[in-house]
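The values are calculated or read from the model by the stated rules, or taken from the named source; none is laboratory data. On a predicted model such as this, the values are computed, not experimentally measured, just so you know. Using ideal geometry, Cβ is built from the backbone for each residue, glycine included, and neighbour counts are taken over all protein chains shown.
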Amino acid sequence: MKENMLDVLMYLFENYMDEGPEFSPDQETLLAELYQAGFPRGEVKKAFSWLEGLSSLREQSVGAPLAARTTSLRCYPIAEQKKISLAARGFIHFLEQSEVLDPLTRELVIDRVMALETEEIGLEQVKWVILMVLFNQPGHEQAYAWMEDLIFDGTQEHLH
């Protein structure tokens, strides 16, 4: 079993998302469950650090004013271009144009993607990161529901 940090995050999300973003179980219990499920200790610790980073970003963005809608395009630096596949970057752009992501949540997604310890992140992995970010952002319930349907039902609806 060669599991990575994203696999641990996906497992946690799939098993605990119904509990809501305020769910804070005993960390030792979660660690024991993840180890019992066969996840390597190092990857579990990295996943917990990643989640702490997301929580920290959420707290920082709560008081920040919402970014204004602009017609500008985000330019990805070379490091982001190498790590985030073209399809994934295109999907992020599509979601922003469709107003599923705003500039702030887009940046949170990119930050969390770059925090993953994987050389290249594809479209399916980015979808999971987007879902986790939206889940943890107040006021993005509709966007989260749309992404959840996309991932779990495998159907892609057209946004109008």
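Counting only residues that are among the hydrophobic types (A, V, I, L, M, F, W, C) and out of contact with any strand residue (DSSP E or B) (no Cβ under 8 Å at 6 or more places or on another chain), which one in the range 115-128 is farthest from residue 43 (Cα to Cα)?
123
Matching residues to (1) under 18 Å from residue 151 (Cβ atoms); (2) of a type in the set (Val, Ile, Thr); (3) modelled with pLDDT under 90:
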{"residue": "1", "(1), (2), (3)": "no, no, yes"}
{"residue": "23", "(1), (2), (3)": "no, no, yes"}
{"residue": "28", "(1), (2), (3)": "no, no, yes"}
{"residue": "40", "(1), (2), (3)": "no, no, no"}
{"residue": "52", "(1), (2), (3)": "no, no, yes"}
{"residue": "72", "(1), (2), (3)": "no, no, yes"}
{"residue": "77", "(1), (2), (3)": "no, no, no"}
{"residue": "91", "(1), (2), (3)": "yes, no, no"}
{"residue": "100", "(1), (2), (3)": "yes, yes, no"}
Candidates 112, 89, 74, 106 - the one that is touching a helix residue (DSSP H, G or I) at 6+ places or on another chain (Cβ under 9 Å), surrounded by 12 or more Cβ atoms within 10 Å (Cβ to Cβ), within 21 Å of residue 43 (Cα to Cα) and not acidic (Asp, Glu): 112
Just checking, how many residues over the range 102-131 are modelled with pLDDT under 90 and farther than 18 Å from residue 76 by Cα? 1
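Would you point out which residue out of 107, 99, 124 is over 19 Å from residue 4 (Cα atoms) and assigned to a helix (DSSP H, G or I)? Break it down into steps so the answer makes sense when it comes.
Details: 99 fails: assigned to a helix (DSSP H, G or I); 124 fails: over 19 Å from residue 4 (Cα atoms).
Among 107, 99, 124, only 107 is over 19 Å from residue 4 (Cα atoms) and assigned to a helix (DSSP H, G or I).
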